Amino acid sequence: MEAINDSLEITPRQKVELKLTGMTCAACAARIEKNLNKLPGVKANVNFASETAFADYSPEFVNPDALINAVRKAGYDAAIREADSLEKEQQRDAVVYKRELQSFWLSVALTLPLLLEMVAMLASAHEAMWPRWLQLILATPVQFWIGRRFYVGSWHALRSGSANMDVLVALGTSVAYGFSAVVTLLGLSQQHVYFEASAAIITLVLMGKLLEASAKKRAMGAIEALIRLQPKTARIEVGDQITEVPIERVNIGDQFVVRPGESVPIDGQILRGHSSVDESMLTGESQPVEKFPGGKVFAGTLNQQGLLVGTATRIGKETALAGIIRLVNEAQGSKAPIQRLADKMSGVFVPVVVAIGVFTFALWGIWAGDFTQALVNAIAVLVIACPCALGLATPTAIMVGTGRGAAKGILVRNAAALEQAEKIQVMIVDKTGTLTEGKPSVTDIITTPGHSEEEALRLAATLEHASAHPLAQAVLNYAKSRDVTPGKLERFTDHPGKGIEGLLIGEALSEGEKNVWLGSPAYLRLQGFTIEEALIEPYLRTGKTVIGIAMQKGIVGYIAITDQLRPTSADAISRLKALGIEVVMLSGDNAATARAIANAVGIENYQAEVLPQHKANVVQAFRAKGKIVGMVGDGINDAPALAAADVSFAIGAGADVAIEAADITLMKNDLASVADAISLSRATLRKIRQNLFFAFIYNVLGIPLAALGMLNPVIAGAAMAMSSVSVVSNSLLLKRWKVKDR
């Protein structure tokens, strides 16, 4: 049997992130993605904007080295990207950017005289300003030294059976330079030369790439800001000595000291001290949080006044900040479904443009008999067309949107979730911990004749002592405040969502009276007890939860428990309705209590006495009607319902929440953050649609104008360079998005 089980064991799939180099346009990304997905057991997506590839693979068939080799076969390079390598990558990128900037200014210096020549020729019909041999000398280093990258990129692309932007630039500029060089070397003075076109196109493309890189860097600003928050050192207390050590040398259990004005180095629990801590980097909430012994602190948060001494509980990649960086990075590298059309177009874009360029040359050269115009128009077609804008339209908006959300305590798992959130039609909310504070407390004990409050409370505390239900702690806390000591149980049976029963030990009662039941009125009715409706109705009408305690002879009493509504719940429901979303409340409470809570926050559609395991059925029922359903819960007890929803939202207590529990995790304990998340989703999708429109309309208009001879190649090169910049710049406008004041 053991051998059979071993043979059936399935190796779990693994994920890896690759940092890519050598991509110049969206066609490159499409080629790499195609090569990766050809490998057995691999599901990969490549993000041109972030220059990364996320691969989900089966170790039975491939390993990371095989993935890297597949990228190299496509003509590019890759390396495994670790979370702690992001800062080093940024430093390397800064060095590369500086080198690219130097090349650009050298190209400008060599190209400027050629452009002055063109301007002078356009202004009047006088002799050329510069002799052609000097123009050849100026244009040659631009073409073959500064422009070498386009030839290298073209070679790699063509060798792997694809074509990219490099092919268009290399082909267009080579034709212009080659024709001009031949005319110059053969002394054909009657023919015009186009050195200014080839040099200017390369210079303008470089300028566009630099502007694009700068804009992309700003789009990824959220990741950089989070990385900068990670402290480099910690003050460790050993006996009477405090030593500053690198953060890598801190171990779980070490005692650390945080002075006023310093950042907390790791996640930990406070041992001594009292202070206020700015946790806005986690929750987006500017209000400082009071910290006392026993409280939790998180890496990257800022200690404001007092001295804090804590013990390390999570270090390195396990801290809340590291988890947020990982989640934001994965979200920014993920691909939204709306990008599929752009990806398909990018994959065939360059071959189609080359075909149009050849057709343009043939049309003007053969049919119209104008070789010079044919050459100019074909070059214009080649250089104005670029799939970069299409490739950047979606990912840059996703990068800015998810980064902006993270800064405001909205953590999006992936781009698909962000896109789907815009379409939500029904939002299902759990009552406890979502609409309410999630901190129930006992307000009243109602007893039946012959029983005292102390007896009812002691019996309830005895059963609740063995329960994990959220209401159990409220009963135990109240019993402790009344100095009531729980008894002992010989037997305990839990009926989730209904009630509990047990057998007492050591009570001075007859054998038949040692059985005790506790639970909802509906549960006690099922056990055969008669509920005094008139006795509990006043409490139910005010939104309180009522549980009953019973022994063999009948009901002993009832306990009324309240869980205060969050101050922002009613406004949050109103905002969701204003967004055109139907809100449905689910509650395990009885109908009267559920009705009172629903009325208080303005919810018309609610369902009471819903067991935890049945919440997922409610979600499925709405989806069966063709509705796009969102579910809001705590990410733990509501896991089945969250999994069943189209988009799941987990409301968490700051960094205590499991940040990967749902599609969208809200770091604030506030339902209003759900409305903020949907608002962010809609703003991001608006930007994506605008970007795609700009990218499509640019090529739809630009290529025909170039083919008809209405665009000079230099102007076409400038337009191509600015197309990507305009798309990224439009995405950056998302940084203006703000959460609604409350």
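If I filter the range 709-721 for residues that are assigned to a loop (DSSP other than H, G, I, E, B), among the aliphatic types (A, V, I, L, M), at pLDDT 85 or above and over 25 Å from GLY580 (Cβ atoms), do I get at least one hit?
yes
Touching a helix residue (DSSP H, G or I) at 6+ places or on another chain (Cβ under 6 Å), within 30 Å of SER280 (Cβ to Cβ) and either at pLDDT 85 or above or open to solvent by 50 Å² or more (accessible area, probe 1.4 Å) (or both), is that true of ILE688?
On the way: touching a helix residue (DSSP H, G or I) at 6+ places or on another chain (Cβ under 6 Å): yes; within 30 Å of SER280 (Cβ to Cβ): yes; either at pLDDT 85 or above or open to solvent by 50 Å² or more (accessible area, probe 1.4 Å) (or both): yes.
It is true that ILE688 is touching a helix residue (DSSP H, G or I) at 6+ places or on another chain (Cβ under 6 Å), within 30 Å of SER280 (Cβ to Cβ) and either at pLDDT 85 or above or open to solvent by 50 Å² or more (accessible area, probe 1.4 Å) (or both).
Identify all residues within the range 538-579 that are within 19 Å of VAL475 (Cα to Cα), modelled with pLDDT of 90 or more and hydroxyl-bearing (Ser, Thr, Tyr); write none if there are none.
The answer is TYR558, and nothing else.
Open to solvent by 20 Å² or more (accessible area, probe 1.4 Å), closer than 22 Å to ARG682 by Cβ and acidic (Asp, Glu), is that true of GLU422?
Numbers: open to solvent by 20 Å² or more (accessible area, probe 1.4 Å): yes; closer than 22 Å to ARG682 by Cβ: yes; acidic (Asp, Glu): yes.
Yes: the conditions hold for GLU422.
Where residues in the range 230-254 are within 15 Å of LYS317 (Cβ to Cβ) and of a type in the set (A, V, I, L, M), which of them is modelled with the highest pLDDT?
Taking the candidates together, the pick is ILE252.
If I ask for residues that are on the phi < 0 side of the Ramachandran plot, assigned to a helix (DSSP H, G or I) and out of contact with any Ser or Thr (no Cβ under 9 Å at 6 or more places or on another chain), which ones from the range 428-461 would you list?
Going residue by residue through the range 428-461, those that are on the phi < 0 side of the Ramachandran plot are 428-432, 434-437, 439-449, 451-461.
If we keep only those that are assigned to a helix (DSSP H, G or I) as well, we get 431-432, 434-435, 453-461.
Across the range 428-461, the qualifying residues are GLU454, LEU457, LEU459, ALA460.
For the range 215-314, which fully contained strands (runs of 3 or more DSSP E) count at least 3 residues that are open to solvent by 80 Å² or more (accessible area, probe 1.4 Å)? First the steps, then the outcome.
Numbers: elements: 233-238, 241-246, 255-258, 267-272, 275-278, 289-291, 308-314.
The strands (runs of 3 or more DSSP E) meeting that bar are 241-246.
Right, THR568: of a type in the set (Val, Ile, Thr), touching a strand residue (DSSP E or B) at 6+ places or on another chain (Cβ under 7 Å) and closer than 29 Å to VAL632 by Cα or not? It would help to see each step written out before you state the result.
Details: of a type in the set (Val, Ile, Thr): yes; touching a strand residue (DSSP E or B) at 6+ places or on another chain (Cβ under 7 Å): no; closer than 29 Å to VAL632 by Cα: yes.
Considered against the rule, which asks whether it is of a type in the set (Val, Ile, Thr), touching a strand residue (DSSP E or B) at 6+ places or on another chain (Cβ under 7 Å) and closer than 29 Å to VAL632 by Cα, THR568 comes out as no.
What do you reckon, is ASP430 open to solvent by 10 Å² or more (accessible area, probe 1.4 Å), in contact with a strand residue (DSSP E or B) (Cβ under 9 Å, 6 or more places away or on another chain) and modelled with pLDDT under 90? Step through it out loud before you land on a result.
Working: open to solvent by 10 Å² or more (accessible area, probe 1.4 Å): yes; in contact with a strand residue (DSSP E or B) (Cβ under 9 Å, 6 or more places away or on another chain): yes; modelled with pLDDT under 90: yes.
Yes, satisfied.
Give LEU171, LEU211, LEU138, LEU204 a once-over and let me know the one that is among the aliphatic types (A, V, I, L, M), surrounded by 15 or more Cβ atoms within 10 Å (Cβ to Cβ), touching a helix residue (DSSP H, G or I) at 6+ places or on another chain (Cβ under 7 Å) and within 16 Å of ALA378 (Cβ to Cβ). Walk me through it before giving the result.
On the way: LEU211 fails: within 16 Å of ALA378 (Cβ to Cβ); LEU138 fails: within 16 Å of ALA378 (Cβ to Cβ); LEU204 fails: within 16 Å of ALA378 (Cβ to Cβ).
LEU171 is the lone residue from the list that is among the aliphatic types (A, V, I, L, M), surrounded by 15 or more Cβ atoms within 10 Å (Cβ to Cβ), touching a helix residue (DSSP H, G or I) at 6+ places or on another chain (Cβ under 7 Å) and within 16 Å of ALA378 (Cβ to Cβ).
Check every one of the strands (runs of 3 or more DSSP E) wholly within the range 570-643 and list those with 3 or more residues that are within 23 Å of the chain's Cα centre (by Cα), over 21 Å from GLY499 (Cα atoms) and in contact (Cβ under 8 Å) with a residue 12 or more places away in the chain.
629-633
LEU666 is checked against (1) modelled with pLDDT under 85; (2) surrounded by 24 or more Cβ atoms within 10 Å (Cβ to Cβ) and fails just one. What number does that condition carry?
LEU666 satisfies all of (1) modelled with pLDDT under 85; (2) surrounded by 24 or more Cβ atoms within 10 Å (Cβ to Cβ) except (1).
Filter the range 666-685 down to the residues that are in a helix (DSSP H, G or I) and more than 18 Å from LYS431 (Cβ to Cβ) and list them by number.
Filtering the range 666-685 for residues in a helix (DSSP H, G or I) gives 672-685.
ASP676, ALA677, ILE678, SER679, LEU680, SER681, ARG682, ALA683, THR684, LEU685, listed by residue number.
Just checking, how many residues over the range 176-200 are among the β-branched types (Val, Ile, Thr), modelled with pLDDT of 80 or more and touching a helix residue (DSSP H, G or I) at 6+ places or on another chain (Cβ under 6 Å)?
Quick first cut of the range 176-200, residues among the β-branched types (Val, Ile, Thr) only: 182-184, 193.
Then drop every residue that is not modelled with pLDDT of 80 or more, which leaves 182-184.
Still in the running and touching a helix residue (DSSP H, G or I) at 6+ places or on another chain (Cβ under 6 Å): 184.
Of the residues in the range 176-200, 1 are among the β-branched types (Val, Ile, Thr), modelled with pLDDT of 80 or more and touching a helix residue (DSSP H, G or I) at 6+ places or on another chain (Cβ under 6 Å).
The values are calculated or read from the model by the stated rules, or taken from the named source; none is laboratory data. Every value quoted in this text rests on a predicted model; they were computed, and no experiment measured them. Heads up, the Cβs are rebuilt from the backbone with ideal geometry, glycines too, and the neighbour counts pull from every protein chain shown. In case anyone asks, the SASA skips ligands and DNA or RNA and just uses the protein heavy atoms, side chains included. Shrake-Rupley method; radii C 1.70, N 1.55, O 1.52, S 1.80 Å.
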